[in-house]
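See below for the structure under consideration.
The values are calculated or read from the model by the stated rules, or taken from the named source; none is laboratory data. Remember, it's a predicted structure, so these values are computed and weren't measured experimentally. Methodologically, a virtual Cβ is constructed for each residue, glycine included, from the backbone with ideal geometry; neighbour enumeration extends over all protein chains shown. Only protein heavy atoms, including side chains, enter the accessible area calculation; ligands, DNA and RNA are left aside. Shrake-Rupley method; radii C 1.70, N 1.55, O 1.52, S 1.80 Å.
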Amino acid sequence: MFWGFSEALDLFEEYRKAQDPTEEPPVELNILLFGLGDPRHVLKSASKSFKHSTKLNFHILEGCLELVARNLLLTSIAFENGHHLSVKGKTHLFMDIFGNTLLRPFSNGYINAKAKVLTKLATDPDYAEKVAPIFSLEGLRYKERDHLENVFHFWINHEKHAYNVAQYWDARVRAMLGTRYDHRMGSFDWDLHMRLRENGAKQICPQEYKHWRDTGVAFTFPEYEQSDPNKTFVVGLSRNGDGFMHRGIVGDISTGPYISFGVKCPEEKLAHSNHGVNDFRSTDVTERNVFEIMYEIQNRKDYILDAKDFHQYGSYVLDSGKNLNKDQIRSESVEFCKYDEPFIQRDNVKINFLSVENLLKIQTKPDHRCQYDIVVIASNYFSFLKDDFPQLFSDNSLICFETRQLTTFSKDEISQLTAQIKDFAKSHSLQPLTNFSINVPHSIIRYKNISQTQ
């Protein structure tokens with residue numbers, strides 16, 4: 001729910017590879033992200049947008065408004081003015097909020113400050129146009145904007161808004177494992193080696209994976225300790241007098257936030273391993289990839305690899321990232337600045353958030369018909385697709401289906417979803433772009449919607 005199970009893609013480049021190379025790039029592309037859970041494709045595509053003039057119009061459709069709020073927050077980090085945050089600072093801040101149930105106090109302070117800014121963005125269109133013109137919330141209903149305001153208010157530290165995320169996480173793990181809970185480290189190790197690594201996610205190391213499964217803290221570094229609850233993991237939020245009710249913590253607790261940025265990178269040396277022991281953790285690869293995105297968005301030029309920009313802790317078990325907040329909830333406010341300066345300008349990137357009610361209705365709405373040049377569909381949203389869904393595709397559009405390949409699902413479950421995707425594509429005459437004859441795992445299956453006039 002909070003992260004994807006396929007690697008971040010530059011969708012402009014993916015679209016170009018699917019088209020006739022002799023044709024000029026389009027003036028603009030409309031991109032529908034259907035239940036992706038995180039902004040990985042938005043950030044990756046935006047980071048490369050300085051290389052072309054095509055306008056990228058992202059349309060984000062999520063299943064709940066708490067995910068809309070989280071997408072707004074995570075994207076804001078990348079486009080934050082560089083006066084207060086360095087590229088390295090943005091990288092670690094993003095990773096902390098993206099994948100850790102417990103945060104550094106600095107990250108918690110950022111959420112506190114940014115929640116106030118995002119509240120104004122959701123309620124004041126003039127302020128939003130001035131500070132964050134990259135966002136458009138016009139697709140949300142007024143009641144949805146009111147709910148966003150409640151979410152942001154919950155994020156701000158307050159004694160009545162305590163959120164013992166460590167307790168909720170432990171309860172989920174206990175419920176999943178049952179009688180195996182006392183031997184959970186063995187269960188975690190089996191899931192890693194017999195499922196995740198066997199399915200292709202070989203970059204994930206035992207020490208980082210088992211620590212995440214046990215505590216919910218995925219990304220650790222020796223210079224940091226996590227102590228404050230990450231309230232962005234809340235869903236099902238509703239008012240209860242002066243406080244709130246919610247569903248604790250939901251979403252994935254078996255695969256982890258490593259797939260989006262931590263399984264692939266351009267440098268082969270980062271994927272090197274010796275007898276199954278990696279030189280670099282998935283955390284280290286995530287740091288390298290997120291650093292590149294933050295650097296290119298801020299500086300509008302290609303990132304040149306520098307080993308000083310990321311860590312190398314492949315075989316180390318770090319004495320950090322402990323579950324420091326298990327019994328007490330920190331409630332005092334920690335803020336260092338307001339983070340209310342205008343975002344970094346990107347004239348050829350626009351991020352539109354659609355109403356949650358469109359999850360089922362968009363497929364039959366006339367104003368969305370033939371509108372999208374690129375469509376990316378999350379694996380856990382495939383069941384929402386109806387026979388009308390292809391009416392959203394423009395001629396020669398690129399259609400990307402996320403699979404269950406890089407997850408802890410069994411091979412039978414992975415094959416079952418892949419077969420369903422193939423059947424859906426065949427029944428709607430989509431042309432496959434993925435070469436299925438090559439025996440490699442596919443986290444994304446690509447198709448093209450061929451124009452009927454060709």
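Observations, loosely collected:
- Number of the condition not met by residue 223 [criteria: (1) surrounded by 23 or more Cβ atoms within 10 Å (Cβ to Cβ); (2) assigned to a loop (DSSP other than H, G, I, E, B)]: (1)
- Lone qualifier among 221, 261, 280 - being modelled with pLDDT of 95 or more and either basic (Lys, Arg) or farther than 18 Å from residue 172 by Cβ (or both): 261
- Residue list for the range 360-417, restricted to those being assigned to a strand (DSSP E or B) and within 16 Å of residue 60 (Cα to Cα): 372, 373, 374, 375, 376, 377, 393, 399, 400, 401, 402
- Looking only at the range 404-441, and only at residues there that are without any contact (Cβ under 8 Å) to a residue 60 or more places away in the chain and charged (D, E, K, R), the one that is surrounded by the most Cβ atoms within 10 Å (Cβ to Cβ): 422
- Contact map, the range 24-39: first residue hydroxyl-bearing (Ser, Thr, Tyr), second residue modelled with pLDDT under 95, Cβ cut-off under 6 Å, separation 6 or more or different chains; the map is empty.
- Taking the criterion of being part of a helix (DSSP H, G or I) and open to solvent by 40 Å² or more (accessible area, probe 1.4 Å), the residues of the range 184-217 that qualify are 184, 185, 186, 189, 190, 193, 194, 195, 207, 210, 211, 214.
- Selection of the range 67-87 for residues being in contact (Cβ under 8 Å) with a residue 24 or more places away in the chain, open to solvent by 10 Å² or more (accessible area, probe 1.4 Å) and either out of contact with any Pro (no Cβ under 8 Å at 6 or more places or on another chain) or within 22 Å of residue 28 (Cβ to Cβ) (or both) yields 82, 83, 84, 87.
- The range 270-311 - residue that is in a helix (DSSP H, G or I) and among the charged types (D, E, K, R) and, of those, most open to solvent (accessible area, probe 1.4 Å): 308
- Among the conditions (1) outside any loop (DSSP other than H, G, I, E, B); (2) surrounded by fewer than 24 Cβ atoms within 10 Å (Cβ to Cβ); (3) not β-branched (Val, Ile, Thr), residue 314 misses just one, which is (1).
- Counting the residues of the range 118-131 that are touching a residue at least 60 places away in the same chain (Cβ under 8 Å) and either under 21 Å from the mean Cα position of the chain (by Cα) or open to solvent by less than 10 Å² (accessible area, probe 1.4 Å) (or both) gives 1.
- Some residue of the range 88-101 being out of contact with any Cys (no Cβ under 7 Å at 6 or more places or on another chain) and surrounded by fewer than 17 Cβ atoms within 10 Å (Cβ to Cβ): yes
- Within the range 165-194, residues that are closer than 14 Å to residue 408 by Cβ reach partners that are open to solvent by 50 Å² or more (accessible area, probe 1.4 Å) and part of a helix (DSSP H, G or I) with beta carbons closer than 8 Å, at six or more positions or on different chains, in the pairs 173/184; 177/184; 187/180; 188/210; 189/210; 192/210.
- Residue identified as crowded, with 18+ Cβ neighbours inside 10 Å, within 27 Å of residue 234 (Cα to Cα) and either modelled with pLDDT under 95 or of a type outside the set (Ser, Thr, Tyr) (or both) among 29, 43, 56: 43
- Meets criteria (under 17 Å from residue 251 (Cβ atoms), touching a Lys or Arg at 6+ places or on another chain (Cβ under 8 Å) and crowded, with 16+ Cβ neighbours inside 10 Å) for residue 168: no
- Residue within the range 394-401 that is in contact (Cβ under 8 Å) with a residue 40 or more places away in the chain, open to solvent by less than 20 Å² (accessible area, probe 1.4 Å), within 30 Å of residue 253 (Cα to Cα) and not aliphatic (A, V, I, L, M) present: yes
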